[in-house]
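Data block below; observations after.
The values are calculated or read from the model by the stated rules, or taken from the named source; none is laboratory data. These figures come from a predicted structure and were not determined experimentally. Cβ sites come from the backbone with ideal geometry, for glycine too, and all protein chains shown count toward neighbours.
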Amino acid sequence: MFTLKIQRLKSLLVVPFLVLSNGAFGNVVGTDAQNFNPTTSGLDFVTVHSSETLFPGVVNFGIYLNEAWNQLPRFRGQPDYTDHLLGMDLNLGVGLAERWDAGVSLPSVLDQSVSSQGGFAGRYGDNGLTEIRVNTKYRLSGDNDGGFALIASANFNLIRNNPYVGDGAGPTFNLEAAIDRTFGKVAAGINAGYRFRKSGTQIAGLPIQPFKNQWIASAAANYLIDGWDTKIIGEIFGSIPSSSTNDNIDRQSSSLEALLGVKYDFTTNLAGHFGVGREIITGLASPDFRVYTGLNYQFGPIFGEKAETIEPLAGEMSIRDPKAAVEKFTLRKIPFAFNSSELSPEARPILDELAAYLKKHGFATLTIEGHTDSIGSDAYNEKLSNARANAIRADLIKTYEFDGSKIVSIGYGESRPIADNGNYQGREQNRRVEFKITRAKK
């Protein structure tokens with residue numbers, strides 16, 4: 001029997017600052033009785049990490065519930081029993097800088113039941129907080145189509161008499177690499193790494209050897225259904241000891257679990273998850289069956305936001321016609337009223353800068369293209385993007401007295417995304433206005 005112990009509030013405040021960290025583990029982390037560990041960034045998958053990080057100042061709040069049947073340990077020679085365990089994960093993730101984010105997760109046991117015929121049964125002595133997980137991710141390379149990142153995380157056990165870590169154990173540290181790639185509407189990712197344990201001594205009276213170091217790995221794929229604002233997600237995750245073990249329970253120290261779920265975007269900021277999972281091999285904390293549900297709410301940036309500037313996009317300068325040079329640039333921060341083509345007062349400084357840029361450099365023709373994310377119907381988004389592009393055209397003509405015959409506006413709606421419409425910051429990139437300038441050849 002092992003019981004939960006909540007450490008002092010001082011520990012809760014100090015621990016996250018002791019270790020670098022982002023929603024980044026190879027899943028089977030934590031109390032060793034919980035394989036389901038949603039990422040704190042809330043990006044792309046459920047428990048598997050893509051290389052993408054939260055943008056600077058972007059915040060994600062997540063809450064997940066998962067109910068698992070028959071995942072607690074069984075002991076040889078003891079009567080069989082059935083169990084269920086209801087767990088909750090509270091997550092916070094924040095983008096710290098370009099390519100770098102961090103997070104903290106608070107997993108807990110809300111409810112449990114064991115139906116046994118006597119004998120020794122593995123279970124928690126009490127419900128409550130089980131550990132603190134802190135994590136960090138740094139993206140070494142990549143773009144909107146994929147990349148490569150390194151992930152570090154640490155687990156601080158709050159369970160008294162936890163036989164899987166042992167008496168006097170230290171924190172568990174995890175180091176992983178994540179690689180992912182997007183192919184049209186399909187994205188795939190792989191995580192692989194190593195778990196370093198400072199195991200304690202075996203607890204007297206319990207037939208369990210504390211776990212040693214492990215290899216950890218996971219993989220995932222998703223498919224984006226634009227018309228439904230939904231992603232179908234499949235994942236597989238597991239671990240294996242790095243050295244031979246003396247398994248003395250029916251559930252082995254290796255584990256492998258599969259998950260299938262959906263992610264639905266209720267709004268630009270709020271996404272919901274629902275899915276099921278089950279063990280592939282009989283491992284500790286890999287249940288006969290699991291069902292989960294969760295919410296991620298993202299907002300920001302709350303700091304580090306750069307003012308919109310009129311600069312050509314890197315690599316976008318090209319000769320489209322022997323008689324004219326073509327320049328492209330994108331503005332993403334032109335403020336409109338919500339779900340409207342009406343320019344807000346905050347748009348004036350941006351349009352002032354745009355007009356000054358056009359007058360300084362001149363143009364033969366100017367094409368204004370409006371683009372949206374995928375939230376809403378195709379027809380609505382096309383109409384909205386066209387209206388917004390036309391509003392900018394009309395303002396340039398009326399306020400700054402440009403020649404209207406040289407300016408064309410068009411709306412493409414959601415048909416030309418440049419980033420993933422399946423997450424908050426990807427949709428933010430897709431909501432944009434692109435400008436194409438042609439100039440007479442001198």
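Looking only at the range 43-67, which residues are in a loop (DSSP other than H, G, I, E, B) and either touching a His at 6+ places or on another chain (Cβ under 9 Å) or among the aromatic types (Phe, Trp, Tyr) (or both)?
First, pick out the residues of the range 43-67 that are in a loop (DSSP other than H, G, I, E, B): 43-58.
Listed by number, the residues that qualify are LEU43, PHE45, VAL46, PHE55.
Given ILE418, ILE397, which one is on the phi < 0 side of the Ramachandran plot and more than 33 Å from the chain's Cα centre (by Cα)?
Selected residue: ILE397, the only one of ILE418, ILE397 that is on the phi < 0 side of the Ramachandran plot and more than 33 Å from the chain's Cα centre (by Cα).
How many residues, within the range 210-236, are assigned to a strand (DSSP E or B) and either over 23 Å from SER253 (Cα atoms) or not polar (S, T, N, Q) (or both)?
Total satisfying the criteria: 17.
Read through the list (1) closer than 26 Å to THR268 by Cβ; (2) in a loop (DSSP other than H, G, I, E, B); (3) at pLDDT 85 or above, then give the number of the only condition that ALA24 fails.
Unmet for ALA24, out of (1) closer than 26 Å to THR268 by Cβ; (2) in a loop (DSSP other than H, G, I, E, B); (3) at pLDDT 85 or above: (3).
Where the second residue is of a type in the set (Asp, Glu) and surrounded by 12 or more Cβ atoms within 10 Å (Cβ to Cβ) and the first is free of Cβ contacts under 8 Å to residues at least 12 places away in the same chain and lies in the range 343-362, which pairs have Cβ atoms under 9 Å and are six or more apart or on separate chains?
Listed by first residue and then by second, the contacts come to PRO349/GLU308.
When the residues of the range 116-138 are narrowed to those that are at pLDDT 90 or above and among the hydroxyl-bearing types (Ser, Thr, Tyr), which ends up surrounded by the most Cβ atoms within 10 Å (Cβ to Cβ)?
My answer is THR136.
How about the range 360-442: which strands (runs of 3 or more DSSP E) wholly inside it have at least 2 residues that are within 28 Å of PRO56 (Cα to Cα)? Even if it seems obvious, please write down each step before you answer.
Working: elements: 365-371, 407-413, 432-440.
Passing ranges, in order: 365-371, 432-440.
Quick one: ALA285 ticks every box in (1) on the phi > 0 side of the Ramachandran plot; (2) free of Cβ contacts under 8 Å to residues at least 24 places away in the same chain bar one, so which box is it?
(2)
Can you tell me which residue among SER141, SER113, SER105 is outside any loop (DSSP other than H, G, I, E, B) and surrounded by 15 or more Cβ atoms within 10 Å (Cβ to Cβ)?
SER105
Looking at the structure I just gave you, is ILE319 modelled with pLDDT under 90 and not in a loop (DSSP other than H, G, I, E, B)? Quick ask: steps written out before the conclusion?
Working: modelled with pLDDT under 90: yes; not in a loop (DSSP other than H, G, I, E, B): yes.
Spelling it out, ILE319 is indeed modelled with pLDDT under 90 and not in a loop (DSSP other than H, G, I, E, B).
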